[in-house]
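The values are calculated or read from the model by the stated rules, or taken from the named source; none is laboratory data. Since this is a predicted model, take the numbers as computed values, not measurements. Cβ placement follows ideal geometry from the backbone for every residue including glycine, while neighbour counts extend to all protein chains displayed.
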């Protein structure tokens, strides 16, 4: 199944604002709105906008309270485009024509952070403006993940071709810190109080996480995993969710040692975010092609966001 036939989701949130992106039939559909609680996941505050059509094959979204939403997409030729500040803003050509993936983050002090991985395995990043110059980050890269917060600045992590994860923080020119070997996937988050949060999925299907420093020790989190996501905020602390090999999503919040709470079954993809006011936000794509979301608590009820029929 090619990526145009799949639905993929990406969530980011700043105080009082949610941005959700969904690819369906090559279009980016974006929903935004101010949220007061889980009940507001549907209703008058929610509006779907077709932000780009046609030909989106991968998307990334972020948001912060000062700069608003940041959206980026990759099209079939491998060109990366981005916009900032409004869903109606014009698209800015970022890089092409051999981009294989994109990642974005944003914070109120440093502005947008955009990273791309090209077909040669080189990771590039820019910060502060969509018009900023690109800074080469690393070569021989298989995957890149980014986060940013107003105190610690940009957090960039790469998974290299040998399966080793490296990370840097504070500047695009910072030195790399070796994090973990034998890795198949990674996820990162950051907040001003708790600092960087890094999770890796190793080659055995086990998730490990660390928080607070690039030199912090690793904590074993969960085994039998096929995907992992993380988020963090100053009040609620780390949020970690895993999709196990049976298609069930589990999540924990507040501490790397917290207990796991079962979230949803028959899931094919997940995304998550968190902020001080609204707490955890979790979205899942089920095996039937439907997007569900919950916020405020790991025990909150699920809300249907986007059905398999596109409505």
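Of all residues in segment 163-182, those satisfying the criterion of being in contact (Cβ under 8 Å) with a residue 24 or more places away in the chain and more than 30 Å from residue 133 (Cβ to Cβ) are 163, 180. The number of residues in segment 102-126 that are closer than 20 Å to residue 231 by Cα and either assigned to a strand (DSSP E or B) or without any contact (Cβ under 8 Å) to a residue 12 or more places away in the chain (or both) comes to 11. Which of the residues spanning segment 161-193 are in a loop (DSSP other than H, G, I, E, B) and either modelled with pLDDT under 95 or buried (at least 20 other Cβ atoms within 10 Å of the Cβ) (or both)? The one that is in a loop (DSSP other than H, G, I, E, B) and either modelled with pLDDT under 95 or buried (at least 20 other Cβ atoms within 10 Å of the Cβ) (or both): 172.
Within segment 272-290, the only residue that satisfies the criterion of being in a loop (DSSP other than H, G, I, E, B), under 18 Å from the mean Cα position of the chain (by Cα) and surrounded by fewer than 23 Cβ atoms within 10 Å (Cβ to Cβ) is 276. Whether a residue is surrounded by 14 or more Cβ atoms within 10 Å (Cβ to Cβ) and part of a strand (DSSP E or B) was assessed, and residue 216 does not pass this test. Among the numbered conditions (1) part of a strand (DSSP E or B); (2) over 25 Å from residue 114 (Cβ atoms), the only one that residue 158 does not meet is (2).
What number of residues within segment 258-296 are within 30 Å of residue 108 (Cα to Cα) and in contact (Cβ under 8 Å) with a residue 24 or more places away in the chain?
Count: 23.
The lone criterion from (1) part of a loop (DSSP other than H, G, I, E, B); (2) within 26 Å of residue 162 (Cα to Cα); (3) modelled with pLDDT under 95 left unmet by residue 60 is number (1).
Filtering segment 74-94 to residues that are surrounded by 19 or more Cβ atoms within 10 Å (Cβ to Cβ) and farther than 18 Å from residue 142 by Cα leaves 81, 82, 83, 84, 94.
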